[in-house]
Each structure stands twice: as structure tokens, then as C-alpha cells.
Amino acid sequence: MLVRMAVTQQLVRIPAERLAVCRRSVEAVDEVCSFLAVSDEDQLDLNWWPSVLKRVWELAGVEARTLALLRRAVDGDDEVNPAYRDCPDTIWQHPVTALEPSPVGEVADALRAVTSQDIRAVVPPDPGEVEAELARVARWVDGDLAGPLIIQHALLRDFYEEAAQRHLAVVLWWD
């Protein structure tokens, strides 16, 4: 019997010192990705929203530098520890990436630059246009897509704002 599980994007906030340990230790990365080394309030499950958010940010017409920072919010920067790909139950195509505390602040600023009005303005009101304009995964939302997108953007913005205020790194992966 084949069991399929949803693959969703996970983010956690950790101290830069902990990230440095993860870069040297596969076991430390596994603890972070297993949520053993992170409190519940320092975790964010973005589900499948990143691809839709990226498309919305593009359509919102933000400047190139801001758009690059917004993409880093869900893509991260460099791979934390390439050896982690060889561990069981990891997703080879989606390595664990991270943002150090300094770029976390820049990403938080970029997320603040996109308003709920910007998001609402680019979401097609016609459900038939949503998939064509945004992303295939957007079609599973019934009703007004702008509302949930605004919520997801706000969750991501708030997550990064707190990470920046606390001078934390952000680790990202698909699970």
C-alpha cells in the first residue's frame, strides 16, 4: 500500500550559534527538523503557500531587490548541511536552507513593504482565472483566495519580524 503524505514548507527560528552547530552536525540539523530543538512558538508551517505567495509578490510589481528578498523568505540562502540529504526521510529535492540573522532583518523589511491591499489587487476575482494567474496549488482554495493569502503573508511577515527583533536565524525545509 502506497501512503502519500503532503509535503509542506516548515520554518523555524533558532539562534545563530545553533545554526553554526547544524552546519557541522547532521544530528543537530535532524533535531531542528524534527522540532526537538525548537519551541512551538518558533515554528511556522506554511503548507503549500510559498509558490502562491511568490507569484503574488511578482504580480504586485515590487522592485527587483525587494522581490529577491521576498523570495529568500521562502527559499532561504545556502544549504545548512549537505550531508543531511543522505539521512533517511529527507526530501532530496528540497534541501534544508537558512538565513543568518542579518538577512532576516532585510527579509522582514521586504515583507512589510507588501500590503494587504497589494495582495488583494493582484488576486483575480474570478475563480477560473486563479490557477492561470497564480499557481496550480491555488485552485484548492474555495472562495476568496485573497483573504487566506493576506493571512499567510502576515504570518510570514510576523514570523520574520520577531526573528529580526530577537536576532535569530531562520531555517527552512520541505517536510
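A few comments on the model shown:
- For the chain, the longest principal axis of the Cα atoms and the long axis of helix 64-75 meet at an angle of about 60 degrees.
- C-alpha long axis of helix 146-165 to longest principal axis of the chain, angle in °: 40
- Square roots of 5 times each gyration tensor eigenvalue, C-alpha, the chain, largest first, Å: 28, 20, 13
- Legend: calculated FRET efficiency, Glu17 to Ala83, from the Cβ-Cβ distance at R0 = 35 Å, rounded to 0.05, equals 0.95.
- Angle in degrees between helix 49-59 and the longest Cα principal axis of the chain, rounded to the nearest 10: 50
- Its relative contact order, with pairs defined as Cα atoms under 8 Å and 6+ residues apart, puts the chain at 36 percent.
Bear in mind these aren't lab numbers, they're just calculated from the coordinates by the rules spelled out. This is a predicted model, so every value here is computed, not measured. Methodologically, a virtual Cβ is constructed for each residue, glycine included, from the backbone with ideal geometry; neighbour enumeration extends over all protein chains shown.
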